[in-house]
């Protein structure tokens, strides 16, 4: 009997050694957590229609996709014939960068598309084409998705100051002194923030405005409520650039060049704004800051202030750390073979300005006016 007990004990120990994955681990809270590998079934669908932009509607319902375990923020593979494309599951086109694929969920329909691109032409898929959706990485795009869906209040009372509400501030990094360059939301937009941005810009003595968002038609829609801004425009102190948000595009660069040349030929203080003062104005500010000997840390801190102002994103949070890489990534996109480190930032900015059309004289005048 004792011999039998020893045999049983030996077998039990052997099983535990051979199959350690059957044991439980603990979460950060000390709760037991089973280690398990979940397998998600492939989902088959067909293309049933394409709109004029090349976005592809499938016969797959949102319910079917969700019931198979797929959710917003999952990265999936889409097989079209012998080709495989990767995309996140999202709710709108702007949830991905320009030119990227997406699986869009809208009500109970599922679409395969490209943000500002033609999915039909890119993939060759047409009505009747079979596609297969499979899991690539569960939840790997969720933080990005949530970041793009941050929400803000439109009530002044919910913010601690007019400046925070209007995302209005001077840029004081590197060789940029306070009171030379300001950035803000759109003082001419006609929303709840506009009157505050307009009043703050007027009080700051702004003499030159680079409007990255509007064209003449959209600006004049709100002329009745923007008296000071209207006067600035009528006296040729405002340039309207009507830019999109793709800072890597040729059109973006050409229009931004006009804005920087406008600064180089006019007196400050200067105001640079788009609609929120966050994305297009964020990129323009990164270039100016890099040109004027700012550090990466200074550039990051200024960029992230918009997210603190609007959304209360706090330093040290996962969301803060995720977004805070954006200025570095912007500079890396335009840097070419130049390493993105503090001492190289003026060179990176100068090379970019030349690439988009500024001359050496333009750049010198720009730097002199920013001092």
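At-a-glance table
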| read-out | value |
| --- | --- |
| Theoretical gain in end-to-end length, residue 118 to residue 142 [0.36 nm per residue, Cα-Cα removed] | 6.2 nm |
| Choice from 42, 217, 57 with maximal GNM fluctuation in the chain (Cα, 10 Å cutoff) | 217 |
| Label-point separation in nm, residue 344 to residue 134, each point 7 Å along Cα→Cβ | 3.9 |
| Percent RCO, i.e. relative contact order, over region 43-139, from Cα pairs under 8 Å lying at least 6 residues apart | 39 |
| Relative contact order, percent, the chain [alpha-carbon distance under 8 Å, six or more residues apart] | 13 |
| Label-point separation, residue 301 to residue 126 (7 Å along Cα→Cβ), nm | 5.9 |
| Label-point gap, in nm, between residue 84 and residue 329 - each point 7 angstrom along Cα→Cβ | 2.4 |
| Span from the region 115-149 Cα centroid across to the region 294-322 one, whole angstrom | 29 |
| Likely footprinting exposure, 304, 232, 364, fewest C-beta neighbours within 10 Å first | 364, 304, 232 |
| Normalised contact order of region 156-370, rounded percent, pairs of Cα under 8 Å and 6 or more residues apart | 24 |
| Inter-centroid distance (Cα atoms) of region 44-95 relative to region 150-196, Å | 38 |
| GNM top mover of 131, 171, 114 - the chain, alpha-carbon springs below 10 Å | 131 |
| Pairwise FRET efficiency - residue 160 versus residue 364, Cβ, R0 = 45 Å, nearest 0.05 | 0.65 |
| Shape category assigned to region 43-139 from the gyration tensor of Cα positions, a/c cut at 1.5 | rounded |
| Between helix 326-335 and the chain: long-axis angle, C-alpha atoms, 0 to 90°, nearest 10 | 70 |
| Residue among 237, 273, 149 with the largest mean-square fluctuation in a Gaussian network model of the chain, springs linking Cα atoms under 10 Å | 149 |
| Expected 222 nm ellipticity per residue - DSSP helices of 4 or more, -39500 (n - 2.57), all of the chain, to 500 | -11000 deg cm²/dmol |
| Label point at residue 94 placed 7 Å out along Cα→Cβ; residues across region 293-314 whose backbone nitrogen lies under 20 Å | 303-313 |
| Cα gyration tensor shape for region 97-247, rounded if a/c is under 1.5, else prolate or oblate | prolate |
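Every number in this text was worked out from the coordinates using simple rules, so none of it is lab data. Keep in mind the model is a prediction, meaning the values are calculated, not measured. Note: ideal-geometry Cβ built from the backbone for every residue, glycine included; neighbour counts use all protein chains shown.
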